[in-house]
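Each reported figure results from applying straightforward, stated rules to the coordinates on display, with no laboratory input. Note that the coordinates shown come from a computational prediction; the quantities given were computed from them, not determined experimentally. We place every Cβ from the backbone using ideal geometry, glycine too, and count neighbours over all the protein chains shown.
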Amino acid sequence: MFTDSSDLYDLVYSFKDYEKESAEILRIIKAIRPDCKTILDIGCGTSEHHRYLNKHFSIDGIDLNSKFIETSKKKNPAGHYRVENMVQFDLEKQYDVIICLFSSIGYLQTMNEIIAALKCFNKHLNTDGLVMVEPWLNKDTWQNGKVHMITIDNEDIKICRMNTSYTSGDLSILNFHYLVGTKDQGVQHFQEEHKLRLTSKEEMLKAFQLADFDVTFDEKGLFGRGMYHGKKIKI
């Protein structure tokens, strides 16, 4: 999970085109749920998408990271943000659309957790509601042993994040090493370990069905990881 790097998140992921992704999310929602007025973003992170989506919808968010929640509140003051676990939460409110982006679902490490989360998503959807879930990689797309690096070279701060990766059972393990340099603090080094489940498409489709969704899978998604579209089944 993001711990020591929480304050650096927006800088590290500044390469993402949030405006373009938000436009694609808007297109999908208008095509599938054209009367959508409300969105819940689960695992919202720092809510950069909300800068664009809040022009069209009322949007709230939940995340485990309290720093992310505080950042989200500043970006979208009209939204409601809470620290919650996606596996088990109760907002006492339903939404037209739920989004769970940037592979947040991958941090759930068992199928039981994934199914429980999707059931909780379902409970928070209005009739005919739509859920959009961007998955993590699976064993076919995962590259074991890959070394990856992101660098930020701003005037006031320099960041290098490098990681190696390996697998342990159904889990992918990413060891992030950060070098952060500033004038006041000098150069600091810290590490984070991220564990994400390598869940197959077949397992995910089954989980959606068990959570009472009529599900389809878009192979491309927002940037190549795919996207599950689940429509709430009327019971």
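What is the gain in length, in nm to one decimal, between Asp218 and Lys73 on full extension, counting 0.36 nm per residue of separation less the C-alpha to C-alpha distance?
Working: separation 145, 0.36 × 145 = 52.20 nm, distance 3.09 nm.
Once the chain is fully extended between Asp218 and Lys73, it gains 49.1 nm.
Report ³J(HN,Hα) in whole Hz for each residue of region 80-91, in order, from the Karplus equation J = 6.51 cos²θ - 1.76 cosθ + 1.60 where θ = phi - 60°; Gly and Pro get x.
Using θ = phi - 60°, the values come out as 10, 10, 9, 7, 8, 9, 5, 6, 8, 8, 9, 8 Hz.
Where does helix 111-123 land angle-wise versus the long Cα axis of the chain, in degrees 0 to 90, nearest 10?
60
Measure nothing but the geometry: give the 0 to 90° angle between the long axis through the Cα atoms of 66-75 and the longest principal axis through the Cα atoms of the chain, rounded to 10°.
Tilt relative to the chain: about 80 degrees.
When the label point is put 7 Å from the Cα of Thr141 along its Cα-to-beta-carbon vector, which residues of region 165-180 have a backbone N closer than 20 Å?
Answer for this model: 165-175.
Within the set Lys16/Lys74; Lys119/Lys234; Lys119/Lys232, which residue pairs have Cα atoms separated by over 18 Å?
On the way: Lys16/Lys74 20 Å; Lys119/Lys234 14 Å; Lys119/Lys232 10 Å.
Those over the limit are Lys16/Lys74.
Pulled fully out, how much extra length does the chain show between Gln209 and Ile157, if you take 0.36 nm times their separation in residues and subtract their Cα-Cα distance?
Values: separation 52, 0.36 × 52 = 18.72 nm, distance 4.65 nm.
Fully extending the segment from Gln209 to Ile157 adds 14.1 nm.
Rounded to the nearest 500, what is the chain's calculated 222 nm mean residue ellipticity when only DSSP H runs of at least 4 contribute -39500 (n - 2.57) each, over all residues? Mind dumping the intermediate values first?
Values: 6 runs with 56 residues, N = 235.
After summing the helix terms and dividing by the residues of the chain, the value is -7000 deg cm²/dmol.
Residue-wise, which Karplus ³J(HN,Hα) couplings in Hz belong to region 190-201, taking 6.51 cos²θ - 1.76 cosθ + 1.60, θ = phi - 60°, and x for glycine or proline?
Here the 3J(HN,Hα) series is 8, 10, 9, 10, 10, 10, 10, 6, 8, 9, 6, 4 Hz.
Name the residues whose placed amide hydrogens come within less than 5 Å of the amide hydrogen of Tyr95, ignoring near sequence neighbours (fewer than 5 apart) on the same chain.
Result for Tyr95 returns Leu125, Asn126.
Counting other C-beta atoms within 10 Å, which of Phe213, Phe223, Phe102 has the fewest, and how do the rest follow? Could you put the intermediate results ahead of the total?
Numbers: Phe213 25, Phe223 14, Phe102 19.
Least to most surrounded, the residues fall as Phe223, Phe102, Phe213.
With springs only between Cα atoms under 10 Å, which of Ile115, Ile59, Ile150 fluctuates most in a Gaussian network model of the chain?
Sorting by GNM fluctuation, first place goes to Ile150.
Set the Förster radius R0 to 41 Å, insert the Cβ-Cβ distance between Ile173 and Asp128 as r into 1/(1 + (r/R0)^6), and round the FRET efficiency to 0.05. Working shown, then result.
Values: r = 39 Å, r/R0 = 0.96.
The calculated FRET efficiency here is 0.55.
List the residues whose amide H sits under 5 Å from the amide H of Glu84, counting only those 5 or more places along or on another chain, with H placed 1.01 Å from N in the peptide plane.
Amide H neighbours of Glu84, under 5 Å, 5+ apart: Asp63, Leu64.
Ordered by residue, what ³J(HN,Hα) values in Hz, to whole numbers, does region 129-143 give under the Karplus form 6.51 cos²θ - 1.76 cosθ + 1.60, where θ = phi - 60° and Gly and Pro are x?
With the stated coefficients, region 129-143 comes to x, 10, 10, 10, 10, 8, x, 7, 5, 10, 5, 6, 9, 6, 10 Hz.
Would you mind calculating the gained length between Lys234 and Leu11 on full extension (0.36 nm times residue separation, minus the Cα-Cα distance), in nm to one decimal? Please report the intermediate quantities before stating the final value.
Working: separation 223, 0.36 × 223 = 80.28 nm, distance 4.22 nm.
Full extension of this stretch gives 76.1 nm more.
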